[in-house]
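What follows is one structure encoded as structure tokens, with my remarks underneath.
The values are calculated or read from the model by the stated rules, or taken from the named source; none is laboratory data. All values reported here derive from a predicted model rather than from experimental measurement. A quick note on method: Cβ atoms are made from the backbone with ideal geometry, for glycine too, and the neighbour counts reach across all protein chains shown. With ligands, DNA and RNA removed, areas are computed over all heavy atoms of the protein, side chains included. Shrake-Rupley method; radii C 1.70, N 1.55, O 1.52, S 1.80 Å.
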Amino acid sequence: MNIKQFKHTILFISVFLVSLQGIGQTNSHNNTNFNKLSEQLLIKIKNGQETQDLESILKNTTLEILSTNLNTDSEKLAFWINIYNAYIQIILSKHPELYEDRGSFFKKKQIAIAGKMLSFDKIEHGIIRKSQWKLGMGYIRKWFPNKFERKLRVDERDYRIHFVLNCGAKKCPPVAIYTPNKLEAQFDMSSRNYLIKTTTYDSEEKTVTISPLFKWFRGDFGCKDDIKKILKSYAILNTTEKVSIEYGNYDWTLDLDNWVKQ
């Protein structure tokens, strides 16, 4: 064997060993429970612990493994809401100045999941809201979502996600840790608590003032009659007859210490 052949052999062996290492790392994530991982991520954040180990697993898994692990809408919603809320904490605790330009912050690709860099907009509007156009108010879907989004997005939209996603603002819903098998009850409790906190009703004027979330995503909630029915279902209103709707203000002050009280 001459020197040139020897170098080629060494190069081939090196590439082969690297590829085996990569396969081993990927396979090590096959049995990962990503819902439990997302819960643990928030627990570590709340306790002030380092999260790089969990972030590394999220970054280095594959689309196939992640999509196989998240089968139902309950699993998808619990995972992605936890991930969204966790990375708001992770990124803004280190770089609060990014919140000064919120439009750029939410659309910037800065969350490493399954080999992709995702934006908060991609997670919220593409995956959690099933490929909705961000500016479409819930009425217009994106025409050509990519494979990543199609494989991981929910099958059905749920308006209650607007009462559980924490975008870092003072008026956002508080951060809770969501689990698939308790999701219905958790969503209902979070929705009721948020609506009580953000809704005022003037019985004399028969006017209810609600969060502007209802206006920004009106297609997710339905018409005004549907909104009043939602408020009545959570016992915010006793009646929907002759009740007019107004929208309140939204306090965008950064608040990273907004957790559900235990």
ask   = If the chain between ALA185 and SER93 were fully stretched, how many nm would it gain, using 0.36 nm times the residue separation less the Cα-Cα distance?
value = 30.1 nm
ask   = Lys/Arg Cβ at +1, Asp/Glu Cβ at -1, dipole of the stretch 63-109 taken about the Cα centre: which of ILE65, ASN82, HIS95 is farthest positive-ward?
value = HIS95
query = Where the accessible area of the chain is counted over protein heavy atoms with a 1.4 Å probe, how much of it, in %, is carbon and sulfur?
reply = 53 percent
ask   = If you wrap the stretch 33-78's Cα atoms in a convex hull and average its projection over all directions, what's the area in nm²?
value = 3.2 nm²
note = Cα extents of the chain along the principal axes, largest first, in whole Å, come to 96, 39, 36
key: Coarse-grained scattering of the stretch 181-235 at q = 0.16 Å⁻¹, given as base-10 log I(q)/I(0) from a Debye sum over alpha-carbon atoms   = -0.52
task = Figure the gain on full extension for TYR201 and SER233 (residue separation times 0.36 nm, minus the Cα-Cα span) and round it to one decimal in nm.
result = 10.0 nm
query = So which lysines pass the test for LYS242, namely a Cα distance under 30 Å, with those fewer than 8 places away in the same chain ruled out?
reply = LYS171, LYS197, LYS206, LYS215, LYS224, LYS228, LYS229, LYS232
message = Based on the alpha-carbon set only, what is the convex hull volume of the stretch 45-123 divided per residue, in Å³?
response = 93 Å³
note = Evaluated at 4 °C and 1.567 mPa s, the Stokes-Einstein D of the stretch 155-262 based on the Kirkwood radius over Cα pairs, in µm²/s, stands at 89 µm²/s
ask   = Between LYS242 and LYS134, what length comes free when the chain is fully extended (0.36 nm per residue of separation minus the Cα-Cα distance, one decimal in nm)?
value = 35.7 nm
message = How tilted is helix 3-27 with respect to the longest principal axis of the chain? Cα atoms for both, answer in degrees (0 to 90, nearest 10).
response = 30 degrees
ask   = Helix 73-94 versus the longest principal axis of the chain: what angle, 0 to 90°, nearest 10, using Cα atoms?
value = 80 degrees
